[in-house]
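S.K.: If you scroll down you'll find the structure; I have some questions about it.
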Amino acid sequence: MSEERSAGAPAASNASVHEVDARGLLCPLPVIRAQDAAGALAHGDLLDVFATDPGTLHDIPAWCEVHGHRVVGTWHEAGDIRIRIEVCET
């Protein structure tokens, strides 16, 4: 696993980690899947979005900025992109 970028302080260690598998999906579906999942999570929970579309590296952070969530980090893992989001109150 090679870390691409991480931002800010780590989220609370008691946060639940959830996953969205958006591999093989193209824009806007990874963002839609992330939005649906984030809507069901509590403030402070973490959401790992796994994708293969390189556009998610721009789309997910832009969606987070608009909706008040925080990108904790992005990584490339075995051809996949993983973006970790901290769900924040909006």
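S.K.: Across the range 75-90, what is the number of residues that are assigned to a loop (DSSP other than H, G, I, E, B), over 15 Å from Val17 (Cβ atoms) and out of contact with any Lys or Arg (no Cβ under 8 Å at 6 or more places or on another chain)?
M.R.: So the count comes out to 4.
S.K.: For the range 65-90: of the residues being among the hydrophobic types (A, V, I, L, M, F, W, C) and in contact (Cβ under 8 Å) with a residue 60 or more places away in the chain, which is farthest from Asp53 (Cα to Cα)? Reasoning before the result, please.
M.R.: Initially, the range 65-90 is screened for residues among the hydrophobic types (A, V, I, L, M, F, W, C), giving 66, 71-72, 75, 78, 81, 83, 85, 87-88.
Checking which are in contact (Cβ under 8 Å) with a residue 60 or more places away in the chain leaves us with 71-72, 75.
On the way: Val71: 17, Val72: 19, Trp75: 13 Å.
Among them, the one singled out is Val72.
S.K.: Still on this structure, please answer the following. Output the residue which, of all residues in the range 48-74 that are under 18 Å from Cys27 (Cβ atoms) and part of a strand (DSSP E or B), is farthest from the chain's Cα centre (by Cα).
M.R.: Ala51
S.K.: Among what's in the range 12-22 and is free of Cβ contacts under 8 Å to residues at least 60 places away in the same chain and surrounded by 14 or more Cβ atoms within 10 Å (Cβ to Cβ), pick the residue that is farthest from Pro54 (Cα to Cα).
M.R.: His18
S.K.: Among Gly39, Gly55, Gly73, which is the only one that is exposed (fewer than 13 other Cβ atoms within 10 Å of the Cβ) and modelled with pLDDT of 95 or more? Give the derivation first.
M.R.: Numbers: Gly55 fails: exposed (fewer than 13 other Cβ atoms within 10 Å of the Cβ); Gly73 fails: exposed (fewer than 13 other Cβ atoms within 10 Å of the Cβ).
Within the list Gly39, Gly55, Gly73, the selection yields Gly39.
The values are calculated or read from the model by the stated rules, or taken from the named source; none is laboratory data. As the structure is a prediction and not an experimental result, all values here were calculated from the model. Methodologically, a virtual Cβ is constructed for each residue, glycine included, from the backbone with ideal geometry; neighbour enumeration extends over all protein chains shown.
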